[in-house]
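The values are calculated or read from the model by the stated rules, or taken from the named source; none is laboratory data. These numbers were taken from a predicted model, which means no experiment stands behind them. Here Cβ is always computed from backbone atoms with ideal geometry, including for glycine, and neighbour counts include all displayed protein chains.
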Amino acid sequence: MEQLLGMQYYVCDTEGVQGLLRQDAEDFMVHEISNEVKTSEEPSDKYLICRLEKKNWELQRAVKEIAKILGVSHRRISWAGTKDKHAITTQLISLYDISETAVQNIRLKDITLTPPVGRSGQQLSLGDLQGNRFEITIRACTPDNLEERVAQINTCVGTGVPNYFGIQRFGVQRPVTHLVGKQILLEDYKEAVRTYVGFPSEGEPESNAAARRAYLSDNDPKAALETLPVQMRYERAILHHLAERPDDYEGALKSVPPKLLSMFVSAYQSWLFNMGLSHRIQEGYALSKPAPGGDRVIFQTGKTDIVGDKNAGQAEVLIKRGGRAHICLEMPGEKTVPTHSTSEQLITSLMEADGISYASFRKAGEMTGMSFKGAVRRISLSTSVESEVCDDTVRLSFSLGGPGQYATTICREYMKADPTRMI
């Protein structure tokens, strides 16, 4: 599965610990490292800043339930970072024009909302955080030389591991989002629907897989609605639209939330990035040293540059000095960006082989109502890990900072296991 999604390498030769992640919510704890929020007691500051602790709640759903109790729109609640569902997480949220008393009256199972951190004149926005601290437990590991193996992987993670987009980006049980995104970029909306609704997965119940195969065979939305379970609400929304408006596949896709629709295209961009990164590793280039031929680097300021003969030494020094610069890859979008490294050239060739151009991202943006300008993403992720081994259990503590950094990327290098054991 990982090979197909472009995650084709580990960088640590040590045998993985295998094991199981998230056996219990307590096994995956996330504590937001928040930016300093300027607070006051002035009633004119309309945003109440509270600390939210949740267990086994998806953040969007938790916010909607809180808003329902408060009798307000969920759009009046904002946050700095989206946290994992199958976990215990703590973070700050801001609530517009809400009293402390109203918050104190909220009662939801496995949710604790603690006011007040204070009031602020500004809401929290995505990215307004320093990072996250993780306390992770991996159970049922292979016990042979476990402590020694963990120590070796600690060293490797401290140097840097591939910053792949993990399986969550592509669909945990049915990793097809990038395939749907590809069809949207090709403006083949019928095939996008058929892929999303009809593509079965080995991991799902046979009754569900049979219903998907039947739809692929007869293309009958009404018959599919009779067999697909009600839990598949997005697939069913698409089919309901087609039952009323046959052949309006573009409209059917637009019946799902815009965020999900945009995630299909983003997943294709993520697949391109993973493939480009694996190509770079295959070529034998270190994650922390610029490769000849024009690697792209990103600095702490967000500025990017191309490494050439004249600045290669300086770039390498900045990369080694506490992460003042990082090697990155450009994920293509509607904005045409010249490619320099062989990895970015591979990404371009994969797009061309699929029949996709930069203009395809602009058209997909018009269709989804989103923008796909492209972005740069660092190719490696490193952190200092504190570990504890007890029998067949491994406990890891580490921090990650900034967007696009995921704990499962670190866990992948430790476990080297079937990805379904990490979700």
Exercise. Name the residues in segment 276-299 that are buried (at least 20 other Cβ atoms within 10 Å of the Cβ), within 18 Å of PHE165 (Cβ to Cβ) and aliphatic (A, V, I, L, M), would you?
Worked result: LEU277, LEU287
Exercise. What is the residue count in segment 3-17 for residues that are in contact (Cβ under 8 Å) with a residue 60 or more places away in the chain and either surrounded by fewer than 17 Cβ atoms within 10 Å (Cβ to Cβ) or of a type in the set (Ser, Thr, Tyr) (or both)?
Worked result: 6
Problem set entry | helices (runs of 4 or more DSSP H) enclosed by segment 93-200 - at least 3 residues per element that are surrounded by 15 or more Cβ atoms within 10 Å (Cβ to Cβ) and not aromatic (Phe, Trp, Tyr) | 146-159, 177-185, 189-198
Seminar exercise, completed: Filter segment 93-115 for residues that are over 27 Å from ILE138 (Cβ atoms) and among the acidic types (Asp, Glu); the one that is modelled with the highest pLDDT is ASP97
For this session: Could you tell me whether segment 80-92 includes any residue that is of a type in the set (Asp, Glu), modelled with pLDDT of 95 or more and more than 20 Å from PRO43 (Cα to Cα)?
Result: no
For this session: Could you figure out which of (1) charged (D, E, K, R); (2) in contact with a Lys or Arg (Cβ under 8 Å, 6 or more places away or on another chain); (3) not assigned by TED's automatic domain parsing to the domain that holds ARG51 isn't true of ASP97?
Result: (3)
For this session: Answer yes or no as to whether GLY171 is among the small types (Gly, Ala, Ser) and under 24 Å from GLN3 (Cβ atoms).
Result: yes
Exercise. Do you know which of the residues in segment 51-74 that are aliphatic (A, V, I, L, M) and outside any helix (DSSP H, G or I) is nearest to the chain's Cα centre (by Cα)?
Worked result: LEU52
For this session: Taking the residues in segment 203-224 that are of a type outside the set (Gly, Ala, Ser) and not in a helix (DSSP H, G or I) as candidates, determine which candidate is surrounded by the fewest Cβ atoms within 10 Å (Cβ to Cβ).
Result: PRO205
Exercise. Can you find even one residue in segment 34-46 that is surrounded by 14 or more Cβ atoms within 10 Å (Cβ to Cβ), in a strand (DSSP E or B) and touching a Ser or Thr at 6+ places or on another chain (Cβ under 7 Å)?
Worked result: no
